[in-house]
Amino acid sequence: MFLSLIVTFVILLSGALSADESISPPSEIAETAEPTVTISLKDGKSYSGRLLADYRQENGAGLTALEMRDGAIEVIHSEQIAEMRSTGEAFRPMTLDEAGRSLLDDLGEGYHLHQTKHFVIAHNTSASYALWCGKLFESLYSAFAFYQNRRGFELEEPEFPLMAVLLPNRQAFLDYAKRDMPTAEGIAAYFNRNSNRIVLYDFSEVETVRSTLQKKKKRAAADIEEFLSRPGAAANVTTIIHEATHQIAFNRGLFLRSGPYPLWAVEGLSMFFEVPDPRSSLGWSFRGSRGKVNVPRLSDLRRILATDSADPIDEILREENFHQEPLRSYSLSWGLYYYFQTKEPEKLARYLKAAASRPPYSVWSPEDRVADFEAVFGSDRKTLLKNFYKFIGSLE
């Protein structure tokens, strides 16, 4: 079974900078609340957008980050910069229509557009498949707001259109992913927090055929029923919801795309929402503020806890082997998130708010991550582990 992984592409310089070491933008940039800035590089390239972070140092080290009108983030090593200046124009995010045209221009021929209230979906699948994905996205969007508002979060409205790319089969997915990573082997989908796009494909690969055929328009309900009867339908729903949860959480202020963020909570939250619902006409629904137990993750977690004597919480907080052992890390992250959102939701909310208040691209060492966790949840790890194990054992 493929793993749904959040993908990050920002490569920080060795000896990354803390907020205290950042250098303020030039005075002419600071005079305007939201200016557009143009950065010219020594190789002739240039980028325009809103200044997100400016950590240049006199010795040429550091980085500068720009946020473009479509929401994409460009991180530039300071040594590459030839000039940075304000254009004198206010920064203005793209509208849904502008984002759609930009997305189609970027992807080229063969793609079509489907827009919902919050999402811009480019696809080379059937229109009805894109319509189904859009319905799932919007259903999740509403459920996410309900869940977080009940926990005391005042979510921000997305500043940028939420963009998704739907591909018909695995080969098309691998071909597209080359623009974002060296290899996508072992990955079924991803949210790229720099491009701010979700990238997905149809696991059944039926869309490979459907997207090239001219058909009479069917009823949407009949189409969705057909999608849910395909091989791997539940895994498809799980992956769509998992990645869309990442995108919504990062665009509504729960986590910062510029980081840092607690990876265990980022993944735990998405696994909390990802559980399919065979009773729903869409294949997914959110029932109640507690949410449903993620049975596959629970099964994996119980096997891990039954054979492991190490402190799983310390391991997850430090994130030192997170991607080396994904099954273990994801299962532990789901369990820890589900435990806190059930037993100590107020503390969980306070912890996430504190994490989201950190400066962009600031250093958050493993030791600091543990200390910040214990500042909210306490340092009595023995009691926490005892309660955690007991809770996991009680789930059905």
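The values are calculated or read from the model by the stated rules, or taken from the named source; none is laboratory data. A quick note: this is a predicted structure, and the numbers were derived from the prediction, not measured. Positions of Cβ are generated from backbone atoms using ideal geometry, with glycine treated the same way; all protein chains shown enter the neighbour counts.
Structure above, values below:
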quantity	calculated
Test: residue in region 105-114 that is within 24 Å of ARG50 (Cα to Cα), free of Cβ contacts under 8 Å to residues at least 40 places away in the same chain and outside the structural domain of GLY71 (by TED's automatic domain parsing)	yes
Pair list, Cβ under 7 Å, 6 or more apart: region 60-75 residue farther than 29 Å from GLY100 by Cβ and part of a loop (DSSP other than H, G, I, E, B), other residue modelled with pLDDT under 95 and hydroxyl-bearing (Ser, Thr, Tyr)	GLY60/SER78; ALA61/SER78; GLY62/TYR55; GLY62/SER78
Conditions (1) surrounded by fewer than 23 Cβ atoms within 10 Å (Cβ to Cβ); (2) at pLDDT below 95; number of the one not met by PRO168	(1)
Filtered residues of region 241-255 (kept if in contact with a Ser or Thr (Cβ under 9 Å, 6 or more places away or on another chain) and either more than 18 Å from SER195 (Cβ to Cβ) or at pLDDT below 95 (or both))	ILE241
Wholly enclosed helices (runs of 4 or more DSSP H) of region 232-314 bearing at least 3 residues charged (D, E, K, R) and either buried (at least 23 other Cβ atoms within 10 Å of the Cβ) or in the same structural domain as GLU367 (by TED's automatic domain parsing) (or both)	295-307
Top-ranked residue of region 36-57 - restricted to ones that are in a strand (DSSP E or B) and in contact (Cβ under 8 Å) with a residue 60 or more places away in the chain, ranked as surrounded by the most Cβ atoms within 10 Å (Cβ to Cβ)	ALA53
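Per-residue answers, yes or no, for (1) at pLDDT below 90; (2) assigned to a helix (DSSP H, G or I); (3) buried (at least 16 other Cβ atoms within 10 Å of the Cβ):
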{"position": "GLU320", "(1), (2), (3)": "yes, no, no"}
{"position": "SER333", "(1), (2), (3)": "no, yes, yes"}
{"position": "ALA349", "(1), (2), (3)": "no, yes, yes"}
{"position": "ASN387", "(1), (2), (3)": "no, yes, no"}
